[in-house]
Amino acid sequence: MTTFVDRVELHVAAGNGGHGCASVHREKFKPLGGPDGGNGGRGGDVVFVVDPDVTTLLEYHHGPHRKATNGRPGEGGHRSGQNGKDLVLSVPEGTVVLDSRGEVLADMVGAGTTFVAGRGGRGGLGNAALASARRKAPGFALLGEPGEARDVVLELKTVADVALVGYPSAGKSSLISVLSAAKPKIADYPFTTLVPNLGVVTAGASVYTIADVPGLIPGASEGKGLGLEFLRHVERCSVLVHVLDCATLETDRDPVSDLDVIEDELRQYGGLDDRPRLVVLNKTDIPEGKDLADIIRPDLEERGLPVFEVSAVSGQGLKELSYALARLVDEARAARPAPEATRVVIRPKAVDDTGFTVTREEDGLFRVRGEKPERWVRQTDFNNEEAVGYLADRLARLGVEDELLKAGAREGDGVAIGPEDNAVVFDWEPTMVTGAEMLGRRGEDHRMDTLRPAAQRRRDREAERDEALRAYEDFDPFEG
């Protein structure tokens, strides 16, 4: 059973906004008391938050699909719909949020750090909020917007000050168990450690964390063994410690060549050249190990590497090692730039920024892109003629009609509002620039090509009545 997961692909979807309500107040002796439709509720957000009690991404490995709740639709009587609840997803400290293309969206370091991965859709306005002096009784309401949906990748990078690297069975787990209170699994076969282990070390006044990074073998940076899976856990560490096995039973290996192989893998992974390094010659309590340590120590010191001979069994050299690591950690912390207070940056829009663009494509289609036009289209109920007329008025006030004329659009040309995969396409009619005062009876819009059947029948009856009146007026009783 998998108990540790440090990389998952997650499909998150924020809640949809609730639709607005189109309602008219009615009571005895007051059949048309005015619009009273309430607004729809906002959809819930999807929020990642750092939780110190969470250490793995296992929960999202088993449940990769997460969705926030939708907002409730509005109701009559000026009752607004309930907002959807935010979906809060707890992640370990050190989690990096990436998009599907691998670009970093957020680096989650520090307890309580939050990142909104998907914002809930806005609730639609009810007809009470749409009423005005020119439109006293709107027969429509705005639809709620869909919430954001996206695929994200969560990668966990261990937050530690010191990283222990080396071949499997070099004694890294034993070393971390005696330096700290961590109790990792220890055995004498390769790949005993399958997950990074963390421990807290106290050396005098210094307190730092130490991590055991497992699975490094030749070719680790190319995916061999477990190295590529766990090399990311080295990135945040300030100090690298090479743990070399001086009592290995493998005849084709020696500590110096082990150091060269691991350094080559770290170099190929990249980004770790500036980290200070220490070399720990482990298992020197064994006579053969002590003899080998004495032989290779001068060679390592010639490379400028501090060398410590230790034994996790007898405790030899552990105190000196812990204090040396504390000094390096303190130096790394002192060299870090002081954290700057978060500044609020205000970027006002340019005066001539219309907030949308109109482009002509190769097939002659005119495409309108912009936050407002696309949002207004999503909020429009195209089954309601008055709602379509309201959309036309909003686009005209924004200047879309003028920009289409400047771009060379003519009557009957195709106009698309929105991206290629989700756009509303219609044939443009310049007459749509007329205002809301051209609206006819409630629920009708003269700018539409066809009238509703009931409206058409009413028009026909009125025409017949007018024709009968004219015939009556022209009738002369004294003739014939």
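Among the listed residues Leu154, Leu105, Leu125, identify the single one that is in a strand (DSSP E or B), in contact (Cβ under 8 Å) with a residue 24 or more places away in the chain and open to solvent by 10 Å² or more (accessible area, probe 1.4 Å).
After applying the criteria, what remains is Leu105.
Looking at Arg375, is it within 26 Å of Ser174 (Cβ to Cβ), modelled with pLDDT of 90 or more and either among the charged types (D, E, K, R) or in a helix (DSSP H, G or I) (or both)?
Here the answer is no, as Arg375 does not meet what is asked.
Looking only at region 60-78, decide whether some residue is hydrophobic (A, V, I, L, M, F, W, C) and closer than 30 Å to Pro214 by Cα.
No, region 60-78 contains no residue that is hydrophobic (A, V, I, L, M, F, W, C) and closer than 30 Å to Pro214 by Cα.
For residues in region 1-48 being modelled with pLDDT of 90 or more and open to solvent by 30 Å² or more (accessible area, probe 1.4 Å), which is nearest to the chain's Cα centre (by Cα)?
Result: His11.
Across region 363-400, what is the total count of residues that are of a type outside the set (Gly, Ala, Ser), more than 22 Å from Asn16 (Cβ to Cβ) and surrounded by 17 or more Cβ atoms within 10 Å (Cβ to Cβ)?
Residues meeting the conditions: 9.
Can you say whether Glu145 is acidic (Asp, Glu), under 30 Å from Gln82 (Cα atoms), more than 12 Å from the chain's Cα centre (by Cα) and modelled with pLDDT of 80 or more, as far as the supplied structure shows?
When the stated conditions are applied, Glu145 passes them.
Between residues in region 313-334 that are touching a residue at least 12 places away in the same chain (Cβ under 8 Å) and under 11 Å from Val201 (Cα atoms) and residues that are acidic (Asp, Glu) and surrounded by 18 or more Cβ atoms within 10 Å (Cβ to Cβ), which pairs lie under 9 Å by C-beta distance while being six or more apart or on different chains?
Every condition considered, the pairs that remain are Leu325/Asp161.
The values are calculated or read from the model by the stated rules, or taken from the named source; none is laboratory data. All values derive from a computational prediction rather than experimental measurement. When we count neighbours, we look across all protein chains shown, and the Cβ atoms used for this are built from the backbone with ideal geometry, even at glycine. Side chains are part of the model used for accessible areas, which takes the heavy atoms of the whole protein and leaves out ligands, DNA and RNA. Shrake-Rupley method; radii C 1.70, N 1.55, O 1.52, S 1.80 Å.
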